[in-house]
Amino acid sequence: MDAHFPSPTPLRWDVYCHVIDNWGDVGVTWRLCRQLAVAGHPVRLWIDDASALDWMAPGARQGHWPGVTVHPWPRTDPMARPPAGLPSADVLLETFGCQIDDAWVAARLPPQADDGRPTLWLNLEYLSAEPWVERSHGLPSPVLHGPLAGRTKWFFFPGFTPATGGLLREDDLLARQTAFDPSAWRRAHGPHDGPWVSVFCYEPAALPTLVRQPALHGARWLVAQGRSADAWRSLVPAVPAGARVDVAPLVPQDAFDERLWACDLNLVRGEDSLVRALWAGRAWLWQLYPQDDDAHHAKLEALLAWADAPASWAAWMRTLNGVPSAPPPALTSAVLAEWSALAQHLRQRLLAQTDLLTRLLAFVQRQRHAGAFASP
Ligand code: TRH
């Protein structure tokens, strides 16, 4: 269906990010901005706290990434207005329902672009494998009152199936992976016999149990700086016999990818690192962002169903996420090999689909051609 639309001419994008906590908001948003720019679309990223970009995308704030400029977004100031003189946007995208002030939207997004086509207002939503995502993806939300009455916001949902918005995947990902040498990476990071495990998690109570599993005896543990390393210190007071534990510094997104490509098991969390673990194709476990109402339990079950999860993996995923379940089986080398095969299989399934940016650009083209939203 995407092929029915011509290659998009460059469109000016305004992308908004409200950093709530952790790094997923900025991580996903930056990845999208970067890919838009590589595809030839100039992007202005409006963000209320850009500090994490200093290690995630060094130079971003200084304008060193062609096609992307980073702007402070005074989100909480109702009187704030965009600086005068900036060309208005063709597409305004807010991430994760970050709620831009109406007057600000009106100032940045005229109903029509310079080419006479309608402009577009989108909300990029959180990632979930739950079935309702397919029903909600691409739905309009018309504004009935206020200064934006008559405009429409469209909902774009990432997802794991062709009927959703897909997953972010760079065009050069496969080439980078092919050129990557895991053995050389390990040598450069201090040789170690035994499995390598990357740990990027919240505070999973099952972490000490995982650390003691037979397949991970003598492992090299690379524990991400910050919340993950703090969790390790409080939950795993003693280094397991034969193991080596290092706090892994915060590195740019591409270097984080390489860490995942080099390890035998990746513990990931939240949203963006889950997607990176999927592309890595190494065995992985996922700790979801914990929600007070346990909504993450349903999200986990949906992912397990999508993955057609083998029993051992499902049991460990539930245990790691505090879902009441029977104790997981021992994680032996054979089990780890089974998870690794599963990871390869899931990666292949997803590679057979188009990526999020392709679907997003096609969606924008469709809406602009159809003029499918009313002007005020
Ligand atoms: O940081 P997170 O826990 O973010 C979370 C989730 O996105 C969650 O869905 C959201 O609701 C919550 O924030 C507010 O996990 P996530 O999504 O994996 O984001 C981490 C980002 O940090 C990702 O882009 C990878 C990046 N990263 C690096 O670039 N280098 C590093 O060294 C590390 C450890 C991470």
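The values are calculated or read from the model by the stated rules, or taken from the named source; none is laboratory data. Computed from a predicted structure; not experimentally measured. When we count neighbours, we look across all protein chains shown, and the Cβ atoms used for this are built from the backbone with ideal geometry, even at glycine. To get the accessible areas, we keep the full protein, side chains included, count just its heavy atoms, and leave off ligands, DNA and RNA. Shrake-Rupley method; radii C 1.70, N 1.55, O 1.52, S 1.80 Å.
Compute the angle between helix 295-307 and the longest alpha-carbon principal axis of the chain, please, reported from 0 to 90 degrees and rounded to the nearest 10. For 295-307 against the chain, the angle is about 80 degrees.
Note on region 173-351: Cα-only Rg and Dmax are 15.3, 44 Å. Each of A241, A262, F156 was placed along the dipole of the chain (beta-carbon charges, centred on the mean Cα), and the one lying farthest toward the positive end is A262. Here the chain is treated as a sphere whose radius is the Kirkwood value from Cα pairs; by Stokes-Einstein at 20 °C and 1.002 mPa s it diffuses with a coefficient of 97 µm²/s.
For region 98-240, the convex hull spanned by the alpha carbon atoms encloses 230 Å³ per residue.
Annotation: region 271-367 has a Kirkwood hydrodynamic radius of 14.9 angstrom, from the mean reciprocal C-alpha pair distance. The alpha-carbon atoms of region 132-192, seen along their principal axes, cover 62, 27, 22 angstrom, with the largest extent given first. Once the Cα atoms are used to define both axes, helix 311-320 deviates from the longest principal axis of the chain by about 70 degrees. If the label point is 7 Å along Cα→Cβ of S234, which residues in region 180-216 have backbone nitrogen under 12 Å from it? Label zone hits: 202-205. With each label modelled as a point 7 angstrom along the Cα→C-beta vector, the D294-W306 pair spans 2.3 nm. Give me the angle, in degrees from 0 to 90, between the Cα long axis of helix 24-38 and the longest principal axis of the Cα atoms of the chain, rounded to the nearest 10. Approximately 60 degrees, to the nearest ten.
Report in % the part of the accessible area of the chain that belongs to carbon and sulfur, leaving out ligands and nucleic acids; probe 1.4 Å. Looking at the chain in its full context, I get 57 percent from C and S. Projecting the Cα positions of V223, A314, S183 onto the charge dipole of region 173-351 (unit charges on Cβ atoms of Lys, Arg, Asp and Glu, taken about the Cα centre) puts S183 furthest along the positive direction. Within the full protein context, the accessible area of K153 is estimated at about 30 Å² for a probe radius of 1.4 Å. What the chain shows is 42 Å² of accessible area per residue, with the surface traced by a 1.4 Å probe over protein heavy atoms.
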